[in-house]
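S.K.: Before anything else, here's the structure in question.
The values are calculated or read from the model by the stated rules, or taken from the named source; none is laboratory data. Remember, predicted model here, so these are calculated numbers, not experimental data. Positions of Cβ are generated from backbone atoms using ideal geometry, with glycine treated the same way; all protein chains shown enter the neighbour counts.
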Amino acid sequence: ETVIVLLNRDLRVHDHPALAEACSRARAVVPLFVVDLAIRGRHRAGFLAEALDDLRSSLRDRGGDLVVRYGDPVAEAVRLAGELPAEAIWASADVSAFARRRERRLAEACAVRRLDFRLFPGLTIVPPGELMPIGGDHYRVFTPYWRAWSATRHRPVLEAPSLVTLPEGIDPGTPPVPTSPPYGDLRGGETVARRRLELWTKLCLADYAEGHDALAEDQTSMLSPYLRFGCVSPSEVAARAGDHPGAEDFVRQLCWRDFFYQVALAFPDLPRRDYRPRRTGWNDDEDAAEAWRQGMTGVPIVDAGMRQLQALGWMHNRARMIVGSFLTKRLNIHWRVGGEHFAELLLDGDIPSNWGNWQWVAGTGNDTRPNRVLNPLRQARRFDADGTYVRRYVPELAALPAPLIHEPWRASPPVPGYPAPLVPYWTMDR
Ligand code: FAD
């Protein structure tokens, strides 16, 4: 039997259930990636190209190769199955409405051609939909989900296959050329992801519970882009971290990821719909939205976050909450405006985590505390007390001492080139 493993957001050889099963069962295995040139996200294309390059090396080391085609993944996978011929197309199950439409098309195309089509777990730790509250279709609130998630048995982590046997004579095709990304040190690929996981758990995990909210410290794992592309499996991250003391706070964050995946599965229109419409309505102010995108709101902690996003294609979670709350609760601009910008720039931008978190920040989702408003000044004083984070990303303010750096409107003379705040400063300290 020849099995095509259609890869998508699972660009790894370790702990890959579909690949592991194919390699243990089939005579020949075709790890196939179809490059969809319509992929959005300015920063993600380079990261993806690096991840594919790295995966190709790992597969070659095991006697196989990464087979690359361009176009529509369903059409290309089915075409390749006809050419080889292959008897099966397997993939990792995804949750977004977009991904599920593709899975349905693939299932139908396989049924017509009598190909074996199967979906495997691997994108999350607990498969979305596996845990259900009594009388409900999914968990709406995190804490009960966390309880159920912690009590359930997790799938064991799988070894990488030692041998990948390609069918003879197959043209592997050419992956996209990695462009060198100008964004920090976040290079794509499983090798980098595994190294980061190992070093970070060894050196930084012990400080995570205490330090993960400190904006300037870089205490968090920065594994999110690797999880986004599946360069490392969340199950393996949880298992590795779980071996270290003090891992619970970190594992809880991985559970948040699973939580939003099961929300996205239950609510296919998560990126669009306000589940809890706001009585006050939304402000359609494009100039303010653009100032927010550019990191020119006049509120240093907000601008630092937005500029970190531009510089790295990544933003600290605390900053994401601050800028999100500022946009939706103070500028009263719709969360979709924020989510679209994040989706465009984030290396880790994915549908469940991005839109689930935006609905959470805006208070329009399932959450039990929709009226939470973050106070940007209090947040700044607490999580960037000496102003290091602001100084790093908003250089115009670098000469201001703390705490003035968080309230430049009090500086005399005013800081040249830095705008006055978009909302009255006296409303901010509430
Ligand atoms: P760590 O603190 O090291 O956490 C480990 C992992 O846990 C992360 O890599 C991530 O996979 C997961 N995680 C942590 N917090 C969350 C969370 N709140 N929700 C879901 N998963 C979480 N995360 C994304 O991966 N993609 C997004 O598109 C995304 N958009 C967001 C939008 C907003 C408005 C907010 C407030 C948060 C968003 N997050 C998103 C969640 C979170 O900010 C990032 O996952 C985190 O900052 C990534 O950094 P890290 O890997 O160092 O995290």
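S.K.: Looking only at region 228-244, which residues are outside any helix (DSSP H, G or I) and modelled with pLDDT under 95?
M.R.: Listed by number, the residues that qualify are D243, H244.
S.K.: So which residues in region 301-329 are crowded, with 24+ Cβ neighbours inside 10 Å and modelled with pLDDT under 95, if there are any at all?
M.R.: If the condition is that a residue be crowded, with 24+ Cβ neighbours inside 10 Å and modelled with pLDDT under 95, then G313 is the only one that fits.
S.K.: Select from region 345-381 the residues that are surrounded by fewer than 20 Cβ atoms within 10 Å (Cβ to Cβ) and of a type in the set (A, V, I, L, M) and list them in ascending order.
M.R.: V373, L374, L377
S.K.: Still on this structure: Name every residue in region 10-59 that is in contact with a Ser or Thr (Cβ under 7 Å, 6 or more places away or on another chain) and either of a type in the set (D, E, K, R) or free of Cβ contacts under 8 Å to residues at least 40 places away in the same chain (or both), in order of residue number.
M.R.: Answer for region 10-59, where residues must be in contact with a Ser or Thr (Cβ under 7 Å, 6 or more places away or on another chain) and either of a type in the set (D, E, K, R) or free of Cβ contacts under 8 Å to residues at least 40 places away in the same chain (or both): D10, R12, D15, R27, D54.
S.K.: Among the residues that make up region 295-307, is at least one of them over 21 Å from A148 (Cβ atoms) and under 18 Å from the mean Cα position of the chain (by Cα)?
M.R.: So far as region 295-307 goes, yes, one or more of its residues are over 21 Å from A148 (Cβ atoms) and under 18 Å from the mean Cα position of the chain (by Cα).
S.K.: Still on this structure: Only one of (1) in contact (Cβ under 8 Å) with a residue 40 or more places away in the chain; (2) buried (at least 16 other Cβ atoms within 10 Å of the Cβ) is not met by D274, so which one is it?
M.R.: (2)
S.K.: Still on this structure: With more than 8 Å from the ligand (Cβ to nearest atom), over 22 Å from Q310 (Cβ atoms), in contact (Cβ under 8 Å) with a residue 60 or more places away in the chain and of a type outside the set (A, V, I, L, M) as the only criterion, which of N366, N371, N375 stands out?
M.R.: N366
S.K.: Kindly indicate whether R391 is away from the ligand (no atom under 12 Å from the Cβ), out of contact with any helix residue (DSSP H, G or I) (no Cβ under 6 Å at 6 or more places or on another chain) and in a helix (DSSP H, G or I).
M.R.: So R391 fits the description; yes.
S.K.: Among the residues of region 285-327, which ones are polar (S, T, N, Q) and in contact with a Ser or Thr (Cβ under 9 Å, 6 or more places away or on another chain)?
M.R.: N317
S.K.: Across region 94-129, what is the number of residues that are in contact (Cβ under 8 Å) with a residue 60 or more places away in the chain and either hydroxyl-bearing (S, T, Y) or assigned to a loop (DSSP other than H, G, I, E, B) (or both)?
M.R.: So the count comes out to 11.
S.K.: Any chance region 252-262 includes a residue that's surrounded by 22 or more Cβ atoms within 10 Å (Cβ to Cβ), more than 10 Å from the ligand (Cβ to nearest atom) and within 13 Å of P128 (Cα to Cα)?
M.R.: Yes, because at least one residue in region 252-262 is surrounded by 22 or more Cβ atoms within 10 Å (Cβ to Cβ), more than 10 Å from the ligand (Cβ to nearest atom) and within 13 Å of P128 (Cα to Cα).
S.K.: Is region 345-359 home to any residue that is touching a His at 6+ places or on another chain (Cβ under 7 Å) and not charged (D, E, K, R)?
M.R.: Yes, that holds for at least one residue.
S.K.: Out of all the residues in region 165-174, is one or more outside the structural domain of L55 (by TED's automatic domain parsing), of a type in the set (V, I, T) and in contact with a helix residue (DSSP H, G or I) (Cβ under 6 Å, 6 or more places away or on another chain)?
M.R.: no
S.K.: Counting only residues that are surrounded by 19 or more Cβ atoms within 10 Å (Cβ to Cβ), touching a Pro at 6+ places or on another chain (Cβ under 9 Å) and not in a loop (DSSP other than H, G, I, E, B), which one in region 164-216 is modelled with the highest pLDDT?
M.R.: A193
S.K.: Of the numbered conditions (1) within 12 Å of the ligand (Cβ to nearest atom); (2) within 22 Å of H406 (Cα to Cα); (3) free of Cβ contacts under 8 Å to residues at least 24 places away in the same chain, A319 satisfies every one except a single condition; which is it?
M.R.: Checking A319 against (1) within 12 Å of the ligand (Cβ to nearest atom); (2) within 22 Å of H406 (Cα to Cα); (3) free of Cβ contacts under 8 Å to residues at least 24 places away in the same chain, the one that fails is (3).
S.K.: Anything in region 73-131 that is among the polar types (S, T, N, Q) and touching a Leu at 6+ places or on another chain (Cβ under 7 Å)? List them, or say none.
M.R.: Residue satisfying the conditions is S92 alone.
S.K.: Something else: Collect the residues in region 399-424 that are within 17 Å of G295 (Cβ to Cβ), of a type in the set (A, V, I, L, M) and either surrounded by 14 or more Cβ atoms within 10 Å (Cβ to Cβ) or touching a strand residue (DSSP E or B) at 6+ places or on another chain (Cβ under 8 Å) (or both), keeping them in residue-number order.
M.R.: Matches in region 399-424: L400, I405, V415, L422, V423.
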